[in-house]
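Chemist: I am attaching a structure below and will ask some questions about it afterwards.
The values are calculated or read from the model by the stated rules, or taken from the named source; none is laboratory data. Keep in mind the model is a prediction, meaning the values are calculated, not measured. A quick note on method: Cβ atoms are made from the backbone with ideal geometry, for glycine too, and the neighbour counts reach across all protein chains shown.
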Amino acid sequence: MIWGLAPLPAYLGAQADNPDSLVRLLTSPSVGVRADAVVRLSLIPMAQLPVAARPALVSLLEREATGQVAYPDTTARYETYGEYIIDLTRTVLRFHDPASVRGLSLLGIQTSRAAQEFVASLGSQSLAALDEAWTTKRSARPSVLVTLGRMLAPQQVNGLSESDRQGVLKRIWAGADSFPIALATTARAASLFILVPVLRHITSSDSDPSVGASVGRALAELQPKLDATPPATVGSGLNDWLQALCLAAQSARSSACTSLSGSLSSARGQITTNQPGPARDTLMAFGARVDTGFQQGVWTDGEHRLLAANARYLGFRLGSAIFFHGIGGNANPTLALSTVAPAGTTAKYQDSPALAFANGDPWVAVGTWTSLPGLGSGILSALGAAQVWLGLKNSDDIGTNFDLRVEAYKNGTLVAAGQTLCVQGITRNADLAKAVTVAFPPFTATTFDGVADVLSLKVLTRIGTTATGAACGGHSNAVGLRLYFDAVSRKAQFAATF
Amino acid sequence: MFAQSWVGSGFVGGEVEISHSAATLTLVKAQGPNPGGSFTAKPGENQIALQAHVTPVNLSSAVTWRIEEDPSHYPLSPRPPSPPQGADASFTVQRLAPGRWPAVHAASLQLEPKELSYKVTATVTDGTGLVKESETKLVTQDEIDTEREEYVELGVSRGVPARGMFGAHFGNSGDYRVAVINPSFDGSFVALELAWSPSTLQVNSLYRNPVHNRWHVSGAANSLHQYRCAADLQTFPVLPVFPTLPELQKAQNYWDLLRDTAVDAGFDVEQRDPDPAIPQQASSGVGHVHIETECI
């Protein structure tokens, strides 16, 4: 391929017939002349450039970025300025000169990934310039966010200290609400999987197709990374964000930060020492504490999602059991679901209404166990079999067989249901309660946001039947079925995989 | 009496005998250095070689070449300051000022009025005082060199693309049937299209020859559009003159997403918005995303 420099345009004349002259033209009041000189200098091999070229070009970019250059002819050539800035950025980048960080941060990063990568490679040296760009140029903010993300990229070697890293995270967070597309790009650039719950919320709350596509792409990359990341690393990532959000915290927020830091530190220690159960309990308590802080105004909605949803997600990575609980007396208490294992010695129980095979053998509800908002976090992809203990409300019903059905709901919408037919051998004696399991078939995965979504489990029963719907023997009616739960010996539960 | 001996390429001339004389004059060659005898004003491509066969041989130094304008092509093709002399001669095609090119796109679509062209005739005066003339040969730029001549005359900083880079291509929004083909750009562009799928990209402008770039669309003088290394991509929704805020936000989101996707695919982009403190700075605006690669 043959390329040759074209003859000089007439307006450059003989003054631009050598590199030194081209350098002098960089101070021309005409943007057209400057643009031409930049391109011609960019075509000269580095070794042949005059020493003055580098500072002149670096200075020019900075002056362009700060409005210290004349623009008498930009409006006449509406495309000239934009393409000139691309050329100027590209040419300055050839030098890999840290002195160019201000011009690149204020202007260059809006034009190229190479500029973003170079600024990011400078680490803490570039933070002041990026802060200036953030403050003075609103149009540059999305590019600043992405550059900060590149600074945190796993492959980046820029010597960021831990406190610098937290400072970068805090800066990114400052733009999270206003620039969802840039946030998604930033998250991808830095593999910020801790942002998954926040990104998921954006997809559910922002109907703009471009936002949806951008965030969807980020989630498609980050969710598998999150799922594949060891719990200890997820805990470390969550801690980075907590520390970032707590930078310069004051009053109630400072207290909350101290409390949460201690809690998270404990959980991480428990993970490290292979105590998944206690670690899970600690993380769930952490999430509840963030819920409280959110209600008190200590945390914003986004911070609430970031901290609580990730803690709960991590909790479910360590253990999948969800237990049936009762609040109040032993008989027919208020029903609840929790990840905390029962500790009581006396089981609680819930009775169904009377049952009869007549009139179509309808299902009747034993009860619905409901979680607090936010129990589930992440994508619910599987439910393990529910295990409960069954007895009779009245000894007259001995010899009655029962069908048992369990339905899982998200915010009142059915997610999955399973049933076990013709359970026999149920007695009145609580000590002889029968353990029964009901498996869930595969279902369409559904997302829980970790802060507001409610998981509930409804248990139903009817007179026992065969697979064809005929009675499977025994009595055709019953006073009621009794379900035992919430005791060390009656840990009614099911498993949820998020 | 008239005889012809045309050879297929057209570079070997014929013979015109003006009178019965002992002297004969045949135009052997009149051609530029490029394939097909084409040429440009670019150094290395701007020498028109002339060769005549004359008898008696001692008249060789007396051969004078008449270089005339050719009204069927660009009529003011720059002629040499003095007629070339000798049976083996040449002349240099002088570079013209850029003002000769049609400023109107429709006029620029006609090739012939833009092609540099010369009517070349060899003449000699024999010993009897009779003037002998060869047949006249046209030396004309082909389409590719006419297009390349624009780079020369407009002084496009990044230089003149080689002839082999030109060919027919879908992305040609210029004034010629051929455009610069740039596989490097195409490779990146395919990557961008894949990243953007299942949506599709609407390309508003891709290749522009320099005249089209400078005068028909007010492009940047050094624009990479002239090397098919740049493209303008439409954003959606297409905004009315006075868009509503939701319309504007939607277009800005589209722009932002396309920009990020293009940057990830290795393209450089124009900034979208002018700096409020320096409003006279031009920028791409939200209507399109200008992407480019340094692919030359």
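Chemist: Out of B:G155, B:G127, which single residue is over 16 Å from the mean Cα position of the chain (by Cα) and touching a residue at least 24 places away in the same chain (Cβ under 8 Å)?
Modeler: Of the residues listed, the single one that is over 16 Å from the mean Cα position of the chain (by Cα) and touching a residue at least 24 places away in the same chain (Cβ under 8 Å) is B:G127.
Chemist: Does any residue of the stretch B:231-252 turn out to be free of Cβ contacts under 8 Å to residues at least 12 places away in the same chain, within 7 Å of another protein chain (Cβ to nearest Cβ), of a type in the set (D, E, K, R) and buried (at least 20 other Cβ atoms within 10 Å of the Cβ)?
Modeler: no
Chemist: For the stretch A:215-239, which residues satisfy the criterion of being under 18 Å from A:R305 (Cα atoms) and crowded, with 18+ Cβ neighbours inside 10 Å?
Modeler: Listed by number, the residues that qualify are A:V215, A:A218, A:L219, A:L222, A:L226, A:V234, A:G235, A:G237, A:L238, A:N239.
Chemist: For B:K250, only one of the following conditions fails: (1) at pLDDT below 95; (2) touching a Pro at 6+ places or on another chain (Cβ under 9 Å); (3) part of a helix (DSSP H, G or I). What is its number?
Modeler: (1)
Chemist: Do we have any residue at all in the stretch B:197-205 that's over 18 Å from A:V39 (Cβ atoms), more than 8 Å from chain A (Cβ to nearest Cβ), buried (at least 18 other Cβ atoms within 10 Å of the Cβ) and modelled with pLDDT under 95?
Modeler: yes
Chemist: Ok, one more. Within the stretch B:186-197, can one find any residue that is in the same structural domain as B:G171 (by TED's automatic domain parsing) and part of a loop (DSSP other than H, G, I, E, B)?
Modeler: Scanning the stretch B:186-197 turns up at least one residue that is in the same structural domain as B:G171 (by TED's automatic domain parsing) and part of a loop (DSSP other than H, G, I, E, B).
Chemist: OK, next. Criterion first (surrounded by fewer than 22 Cβ atoms within 10 Å (Cβ to Cβ), within 14 Å of chain A (Cβ to nearest Cβ) and without any contact (Cβ under 8 Å) to a residue 12 or more places away in the chain) does B:A97 satisfy it?
Modeler: no
Chemist: Output the number of the condition that A:A184 fails; it satisfies all remaining conditions of (1) among the small types (G, A, S); (2) in a helix (DSSP H, G or I); (3) touching a residue at least 40 places away in the same chain (Cβ under 8 Å).
Modeler: (3)
Chemist: State whether one or more residues within the stretch A:198-206 are among the charged types (D, E, K, R), within 12 Å of chain B (Cβ to nearest Cβ) and touching a Pro at 6+ places or on another chain (Cβ under 8 Å).
Modeler: yes
Chemist: Now for a separate question. Out of all the residues in the stretch A:209-225, is one or more more than 14 Å from every other protein chain (Cβ to nearest Cβ), of a type in the set (D, E, K, R) and within 17 Å of A:I172 (Cα to Cα)?
Modeler: Checking the stretch A:209-225: not a single residue is more than 14 Å from every other protein chain (Cβ to nearest Cβ), of a type in the set (D, E, K, R) and within 17 Å of A:I172 (Cα to Cα).
Chemist: I'm told B:S90 meets every condition in (1) under 30 Å from B:R177 (Cα atoms); (2) of a type in the set (S, T, Y); (3) modelled with pLDDT of 95 or more except one. Can you identify the failing condition by its number?
Modeler: Only one criterion is unmet by B:S90, namely (1).
Chemist: Taking the stretch A:443-479 only, how many residues are at positive phi and buried (at least 18 other Cβ atoms within 10 Å of the Cβ)?
Modeler: Summing the residues that are at positive phi and buried (at least 18 other Cβ atoms within 10 Å of the Cβ) in the stretch A:443-479 gives 2.
Chemist: Report those strands (runs of 3 or more DSSP E) wholly inside the stretch B:64-167 carrying at least 2 residues which are of a type in the set (K, R).
Modeler: B:131-140
Chemist: Let me ask you something else. Just the residues that are modelled with pLDDT of 95 or more, within 34 Å of the chain's Cα centre (by Cα) and not small (G, A, S), please, taken from the stretch B:253-264.
Modeler: If the condition is that a residue be modelled with pLDDT of 95 or more, within 34 Å of the chain's Cα centre (by Cα) and not small (G, A, S), then B:W255, B:L258, B:R259, B:T261, B:V263 are the ones that fit.
Chemist: Here's a follow-up. Considering only the stretch B:158-193, how many residues are closer than 19 Å to B:I291 by Cα and at the interface with another protein chain (Cβ under 8 Å from one of its Cβ atoms)?
Modeler: 1
Chemist: Here's another thing I want to ask about it. Kindly list the number of the only condition in (1) part of a loop (DSSP other than H, G, I, E, B); (2) at pLDDT 95 or above that fails for A:V23.
Modeler: For A:V23, the exception is condition (1).
Chemist: Working carefully through the options B:R208, B:R214, B:R228, find the one that is in contact (Cβ under 8 Å) with a residue 40 or more places away in the chain and more than 10 Å from chain A (Cβ to nearest Cβ).
Modeler: B:R228
Chemist: Same structure, new question: With (1) touching a Pro at 6+ places or on another chain (Cβ under 8 Å); (2) at positive phi; (3) not acidic (D, E) as the list, and A:A182 as the residue in question, which single condition is left unmet?
Modeler: Looking at each condition in turn, A:A182 falls short on (2).
Chemist: Out of curiosity, is A:R428 surrounded by fewer than 16 Cβ atoms within 10 Å (Cβ to Cβ), at pLDDT 95 or above and of a type in the set (K, R)?
Modeler: Yes, satisfied.
Chemist: Here is a follow-up. Here is a list: A:A37, A:A65, A:A120, A:A53. Which entry is over 23 Å from B:L154 (Cα atoms), over 44 Å from the mean Cα position of the chain (by Cα) and buried (at least 20 other Cβ atoms within 10 Å of the Cβ)?
Modeler: A:A53
Yes/no per residue for (1) on the phi > 0 side of the Ramachandran plot; (2) crowded, with 22+ Cβ neighbours inside 10 Å; (3) touching a strand residue (DSSP E or B) at 6+ places or on another chain (Cβ under 7 Å):
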{"position": "B:P35", "(1), (2), (3)": "no, no, no"}
{"position": "B:P43", "(1), (2), (3)": "no, no, no"}
{"position": "B:Q47", "(1), (2), (3)": "no, no, yes"}
{"position": "B:A52", "(1), (2), (3)": "no, yes, yes"}
{"position": "B:P56", "(1), (2), (3)": "no, no, no"}
{"position": "B:S60", "(1), (2), (3)": "no, no, yes"}
{"position": "B:T64", "(1), (2), (3)": "no, no, yes"}
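Chemist: Additional query: As an exercise: evaluate A:A416 against (1) part of a strand (DSSP E or B); (2) free of Cβ contacts under 8 Å to residues at least 60 places away in the same chain; (3) more than 30 Å from A:P373 (Cβ to Cβ) and give the number of the one condition it does not meet.
Modeler: Single failed check for A:A416: (3).
Chemist: I'd like the residue in the stretch A:119-163 that is among the acidic types (D, E) and either touching a Leu at 6+ places or on another chain (Cβ under 7 Å) or closer than 22 Å to A:A65 by Cβ (or both) and, out of all such residues, is farthest from the other protein chains (Cβ to nearest Cβ).
Modeler: Going through the qualifying residues, I end up with A:D131.
Chemist: Follow-up. Every residue in the stretch A:314-339 that is touching a Pro at 6+ places or on another chain (Cβ under 7 Å) and assigned to a helix (DSSP H, G or I), please.
Modeler: Once the filter is applied, which keeps residues that are touching a Pro at 6+ places or on another chain (Cβ under 7 Å) and assigned to a helix (DSSP H, G or I), the stretch A:314-339 yields A:L314, A:R317, A:L318.
Chemist: Have a look at B:L130, B:L154, B:L116, B:L138 and point out the one that is more than 14 Å from chain A (Cβ to nearest Cβ), among the aliphatic types (A, V, I, L, M) and either under 18 Å from B:L206 (Cβ atoms) or in contact with a helix residue (DSSP H, G or I) (Cβ under 7 Å, 6 or more places away or on another chain) (or both).
Modeler: Answer to the check: B:L116.
Chemist: Checking the structure you have, find out if any residue of the stretch B:131-143 is among the small types (G, A, S) and out of contact with any Gly (no Cβ under 8 Å at 6 or more places or on another chain).
Modeler: No, the conditions are met nowhere in the stretch B:131-143.
Chemist: Ok, one more. Looking at (1) under 30 Å from A:T468 (Cβ atoms); (2) crowded, with 18+ Cβ neighbours inside 10 Å; (3) aliphatic (A, V, I, L, M), find the lone condition where A:L335 falls short.
Modeler: All conditions pass for A:L335, except number (1).
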